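Below: one structure, written as structure tokens.
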């Protein structure tokens, strides 16, 4: 539950978040994959193997972990980097490239465990504690029906802090501890491999192209090739990723009319035909956006803080339309001019970065094709 208030600068702030652990658990779990990054320590005990590892993950970008396997009297050290569908693993001091597996993908392991939809709140002990039915039968295939789970949600950021799943007697289990959410991490793979794309765009657009790429916070190289541009990026970014990065995005904020008869047009919230929205006059579009940045509210939900070039008088409810879809409606009970608005949209941190780039830095329509790999 959020309590709202307004300040003289006209920016809406969430002053205090009051958690309701029995109701908010679904929201807290949903927010997990929308974060920027996290660190972790995990361990796995089966009947034949024990492993422990630690790692860092920049969500939807790159993950790095290293640890040790103990099995049959042997000790084996391991280290992995996961990027997109690629994985680097080190063996005998050398790095090899292969298709990505779950050994370099803690995010997938966590989200699979948390797919269960009935978390039983059992109380507070330096965090919010829950029981649930875990879905990891591989750790005890012959006793999978007995596997249970415990989840601890941090009282500081309302994100998973510890997950334990296993048999009641702890003879087999998987445990992960999560920390350092949303710290700016720099993770680089052990081998730099690149893909190059030819862009049919005049080099006069090199400055907005550079500004857009810098908003995405990825490594890149840009150079002129005859009348076109050559964009070189790390190998994990495929042609679909590049095309999405090159798209111009569209945002329009409308006043919301109370009745259909006074609306200029009818739209639907998140394209759901059961949720009509009556749109009146437009308040602003992306041309009036001075800047935009991603922030996190009291419950760790990401949102985009939009700063306007010219202040507006909201006058009630505002609907945000992104790429022709109404994605959110907010109510502003003020008659003062405001220069900042908070946009909540069902996107991860990385998806919000791509959206901001497409809103703030105009590019002409650009076609891209892969021309080399090295």
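The values are calculated or read from the model by the stated rules, or taken from the named source; none is laboratory data. Source: prediction; values computed, not measured. Note: ideal-geometry Cβ built from the backbone for every residue, glycine included; neighbour counts use all protein chains shown.
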Going by the conditions given, is residue 136 assigned by TED's automatic domain parsing to the domain that holds residue 103, surrounded by 20 or more Cβ atoms within 10 Å (Cβ to Cβ) and over 25 Å from residue 298 (Cα atoms)? no
Within the range 248-265, how many residues turn out to be modelled with pLDDT under 95 and surrounded by fewer than 16 Cβ atoms within 10 Å (Cβ to Cβ)? 7
Inspect the range 217-230 for any residue being within 24 Å of the chain's Cα centre (by Cα), in a helix (DSSP H, G or I), within 22 Å of residue 35 (Cα to Cα) and not assigned by TED's automatic domain parsing to the domain that holds residue 120 and give the result as yes or no. no
Hey, can you tell me all the residues within the range 99-123 that are exposed (fewer than 11 other Cβ atoms within 10 Å of the Cβ), in contact (Cβ under 8 Å) with a residue 12 or more places away in the chain and either touching a helix residue (DSSP H, G or I) at 6+ places or on another chain (Cβ under 6 Å) or farther than 23 Å from residue 35 by Cβ (or both)? 99, 118
Give me a count of the residues in the range 73-114 that are outside any strand (DSSP E or B) and over 28 Å from residue 134 (Cα atoms). 3
Picking from 311, 337, 293, the residue that is outside the structural domain of residue 27 (by TED's automatic domain parsing) and within 19 Å of residue 214 (Cα to Cα) would be 293
Quick one: count up the residues across the range 31-49 that are surrounded by fewer than 16 Cβ atoms within 10 Å (Cβ to Cβ) and at pLDDT below 95. 3
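Every residue, every condition in (1) under 30 Å from residue 239 (Cβ atoms); (2) surrounded by 12 or more Cβ atoms within 10 Å (Cβ to Cβ), yes or no:
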position: 282; (1), (2): no, yes
position: 305; (1), (2): no, yes
position: 350; (1), (2): yes, yes
position: 365; (1), (2): yes, no
With respect to residue 214, determine if the residue is part of a helix (DSSP H, G or I) and surrounded by fewer than 14 Cβ atoms within 10 Å (Cβ to Cβ). yes
Restricted to the range 188-203 and to residues being in contact with a strand residue (DSSP E or B) (Cβ under 7 Å, 6 or more places away or on another chain) and over 16 Å from residue 233 (Cα atoms), the residue modelled with the highest pLDDT is 200
Report whether or not residue 275 is at pLDDT 95 or above, in contact with a strand residue (DSSP E or B) (Cβ under 8 Å, 6 or more places away or on another chain) and loosely packed, with under 13 Cβ neighbours inside 10 Å. no
Looking only at the range 229-243, count how many residues are in contact (Cβ under 8 Å) with a residue 40 or more places away in the chain and surrounded by 15 or more Cβ atoms within 10 Å (Cβ to Cβ). 7
Can you find even one residue in the range 124-132 that is closer than 26 Å to residue 19 by Cβ, without any contact (Cβ under 8 Å) to a residue 24 or more places away in the chain and surrounded by 20 or more Cβ atoms within 10 Å (Cβ to Cβ)? yes
Taking the range 324-365 and keeping residues within 26 Å of the chain's Cα centre (by Cα) and more than 23 Å from residue 303 (Cα to Cα) leaves 363
Within the range 233-270, the residues that are under 29 Å from residue 86 (Cα atoms) and outside any loop (DSSP other than H, G, I, E, B) are 233, 234, 239, 240, 241, 242, 243, 244, 245, 246
Would you mind stating whether residue 158 is buried (at least 19 other Cβ atoms within 10 Å of the Cβ) and at positive phi? yes
Evaluate the range 132-154: report whether one residue or more is under 20 Å from the mean Cα position of the chain (by Cα) and at pLDDT 95 or above. yes
